[in-house]
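Only one structure is covered here, and it is reproduced in the block below.
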Amino acid sequence: MKMMRKYHGGEPVRRGVYLNLATLELVPLYGDIRILPTDGGARYVKVPAPLVMIFGPFAGLVFAIFLPTVGILGMLGFLAYKAREWALGLGRALAKHGATTDEK
């Protein structure tokens with residue numbers, strides 16, 4: 001099995017797509033100047049083009065499903081928090097009102 005060569009930030013490389021191992025960001029380098037970005041000593045590996053073509057759309061699909069789900073769950077959590085605060089405020093008001101009335 002062939003080992004994948006690791007590249008460092010600032011190193012000149014051949015054209016292709018490189019994966020930043022720290023942030024999992026894909027960096028396409030196809031221009032005349034092909035030098036990997038220097039992100040605090042980041043390390044990269046070259047990703048084969050067929051792999052990028054297969055998993056690139058899949059990654060987009062994951063984000064397209066994940067982000068709206070997070071938004072909906074965040075809104076439901078916020079509404080549950082507000083309902084709890086309202087119920088606690090109502091309970092405090094009723095308890096205060098009940099404590100101040102004289103029962104005969």
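Taken together, the values in this text are just the output of simple stated rules run on the coordinates, not laboratory data. Quick caveat: nothing in here was measured; it's all calculated off a predicted structure. With ideal geometry, Cβ positions are generated from the backbone for all residues, glycine too; neighbour counts draw on all protein chains shown.
A few remarks follow.
- Compared with the dominant Cα axis of the chain, that is its longest principal axis, helix 49-100 is turned about 20°.
- Peptides 32-43, 70-81 ordered by average Cβ neighbours within 10 Å, highest first: 32-43, 70-81
- Theoretical gain in end-to-end length, Leu51 to Asp32 [0.36 nm per residue, Cα-Cα removed]: 4.5 nm
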